[in-house]
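The values are calculated or read from the model by the stated rules, or taken from the named source; none is laboratory data. In this text the structure is predicted, and so the values were computed from the model without any measurement. Positions of Cβ are backbone-derived with ideal geometry, glycine not excepted, and every protein chain shown enters the neighbour counts.
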Amino acid sequence: MSATKEFTKGIWAENPVFVIMLGICPTLATTSNITNAFCMGLAVIFTLMACNAVISIVRRIIPGEIRIPCYIVIIASFVTIIDLCMHAFLPLAIYEALGIFIPLIVVNCIILGRAEAFAAKNNVWLSILDGLGMGIGFTLALCMLASVREFIGNGTLLNYQIISVFTSKANNPNAWVEPIGVFSQPAGAFLVIGGYLTLFQYLKIRRVQKEQAHTQKQS
Amino acid sequence: MELSVVFSIVGGMVLINNFVLSRFLGLCPFLGVSKKMDSAFGMGMAVIFVITLSSAATWIMYYYFLRGDLGPVLKTACYILIIAALVQLIEMFMKKTMPALYQALGIYLPLITTNCTILGVAFLNTTDAPMATKATQESFFLAVLQGFSGGVGFALVLLLMAGIRERLETTAIPKPLQGIPIAFFCTGLMAFAFMGFIGLI
């Protein structure tokens, strides 16, 4: 049962973006549309799984004092691999939109955080599951942010026009409402993630209050 | 070298393409250290100091060793190792020769290795990506200038944010907004304000 738990905890209960608040920089930078967010998520899933697996294999060989530099070298190698692969196989437009954020996965706190907190203490199988779960949680959070930003900022989802009257006048002369372009720009990203965090904090407070009311009723 | 290039790099890095507000680099220390004015000032100074030195070191590494075929393969690993070693060296050097400065900045130094502004500027200085200025690939001075002004921009926004958050401590905020959410909203509004600088250059 614990294997399932290690896998699912990253997706919701310990979501790296909304709960642990790690790796905020690429989260905001790559979520101006869903395609970019999903590609970034895939890169992080791969890096997390590979690094967790390798670090978990060599965890008994690395001396404690120099473990951080060792981890960083391992992470940097996998990030280089994913960087070169994405350059080779992805459309150039997406690769350029992700830009320096692919090599910057090296300093993404999620990777080093999971290596230190999980892979250094657990076996290979659990570490890979943990990496996969955390990566999927990260991708999910990215897509949640990106869908709001792409819809409000551009009126589209996955580059597909959803509501025909919600677009700019240039695209459709009969448009009623224009998209709010600032949401696909940096300033909007802060507002959207702020909104999501407010929502989650509100849900958490409400749950705690309900539990308290429940225990009071019982006593 | 023209003066307009210098001006566009400084203005661009400090105000228009500010690390925190428009490039989304260094958000973790930005949210973590902006609760108090003192610590924000210490962190800001430490970042300016390290980013200037590290952009010099990584540029030299790039210009003399990584411009050939090895570049794409070794860049990431080389840069992160240089930065980690440099931060360690600065820490030891400061402890020995400048105890007063070490007292003020010391605790922020280890945190800086994982600050993505430092690695970010190393890539910006040497990348072909459209978001970067190509001039910094050829000129040592411009690369260091880009690092330094990026650090200044980071410190500026960090100090502004610390001022705002010190005020927020004493105001009544609805419970769901307390803490990080309201900090993100403030950053967002600040980013709106900084968008006004776009027409400057």
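Among the residues of region B:85-102, those that are hydrophobic (A, V, I, L, M, F, W, C) and surrounded by fewer than 17 Cβ atoms within 10 Å (Cβ to Cβ) comprise B:Ala85, B:Leu89, B:Met92, B:Phe93, B:Met98, B:Ala100, B:Leu101. Scan region A:46-100 for residues that are aliphatic (A, V, I, L, M), surrounded by 13 or more Cβ atoms within 10 Å (Cβ to Cβ) and not in a helix (DSSP H, G or I) and the total you get is 3. Looking at (1) more than 14 Å from chain A (Cβ to nearest Cβ); (2) hydrophobic (A, V, I, L, M, F, W, C); (3) loosely packed, with under 13 Cβ neighbours inside 10 Å, which is the one condition that is false for B:Leu70? With (1) more than 14 Å from chain A (Cβ to nearest Cβ); (2) hydrophobic (A, V, I, L, M, F, W, C); (3) loosely packed, with under 13 Cβ neighbours inside 10 Å applied to B:Leu70, the lone miss is (1). Scanning region B:54-73 for residues that are of a type outside the set (A, V, I, L, M, F, W, C), part of a helix (DSSP H, G or I) and at pLDDT below 85 turns up at least one hit.
Has region B:55-69 got at least one residue that is of a type outside the set (A, V, I, L, M, F, W, C), in contact (Cβ under 8 Å) with a residue 40 or more places away in the chain and within 28 Å of B:Leu160 (Cα to Cα)? Scanning region B:55-69, I find at least one residue that is of a type outside the set (A, V, I, L, M, F, W, C), in contact (Cβ under 8 Å) with a residue 40 or more places away in the chain and within 28 Å of B:Leu160 (Cα to Cα), so the answer is yes. Checked against (1) touching an Asp or Glu at 6+ places or on another chain (Cβ under 9 Å); (2) within 14 Å of another protein chain (Cβ to nearest Cβ); (3) acidic (Asp, Glu), A:Asp130 passes all but a single condition, namely (2).
Just one of the listed residues (B:Leu21, B:Leu15, B:Leu25, B:Leu31) is touching a Gly at 6+ places or on another chain (Cβ under 9 Å), touching a residue at least 60 places away in the same chain (Cβ under 8 Å), buried (at least 16 other Cβ atoms within 10 Å of the Cβ) and assigned to a helix (DSSP H, G or I), namely B:Leu15.
Results for (1) under 19 Å from B:Ile182 (Cβ atoms); (2) within 12 Å of another protein chain (Cβ to nearest Cβ); (3) surrounded by fewer than 16 Cβ atoms within 10 Å (Cβ to Cβ); (4) not charged (D, E, K, R), shown as yes or no for each residue.
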residue: A:Ser164; (1), (2), (3), (4): no, no, yes, yes
residue: A:Gly181; (1), (2), (3), (4): no, yes, yes, yes
residue: A:Pro186; (1), (2), (3), (4): yes, yes, no, yes
residue: A:Ile193; (1), (2), (3), (4): yes, yes, no, yes
residue: A:Thr198; (1), (2), (3), (4): yes, yes, no, yes
residue: A:Val208; (1), (2), (3), (4): no, yes, yes, yes
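Quick grid of which residues meet (1) farther than 29 Å from A:Leu158 by Cβ; (2) in contact with a strand residue (DSSP E or B) (Cβ under 7 Å, 6 or more places away or on another chain); (3) free of Cβ contacts under 8 Å to residues at least 60 places away in the same chain:
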{"site": "A:Pro16", "(1), (2), (3)": "no, no, no"}
{"site": "A:Ala37", "(1), (2), (3)": "no, no, no"}
{"site": "A:Ile66", "(1), (2), (3)": "yes, no, yes"}
{"site": "A:Pro69", "(1), (2), (3)": "yes, no, yes"}
{"site": "A:Ile81", "(1), (2), (3)": "no, no, yes"}
{"site": "A:Pro91", "(1), (2), (3)": "no, no, yes"}
{"site": "A:Tyr95", "(1), (2), (3)": "no, no, yes"}
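Is region B:123-142 home to any residue that is crowded, with 22+ Cβ neighbours inside 10 Å, touching a Lys or Arg at 6+ places or on another chain (Cβ under 9 Å) and within 8 Å of chain A (Cβ to nearest Cβ)? Yes: region B:123-142 contains one or more residues that are crowded, with 22+ Cβ neighbours inside 10 Å, touching a Lys or Arg at 6+ places or on another chain (Cβ under 9 Å) and within 8 Å of chain A (Cβ to nearest Cβ). Within region B:38-49, the residues that satisfy the criterion of being modelled with pLDDT under 90 and either crowded, with 24+ Cβ neighbours inside 10 Å or under 12 Å from the mean Cα position of the chain (by Cα) (or both) are B:Ala40, B:Met43, B:Gly44, B:Met45, B:Ala46, B:Val47, B:Phe49.
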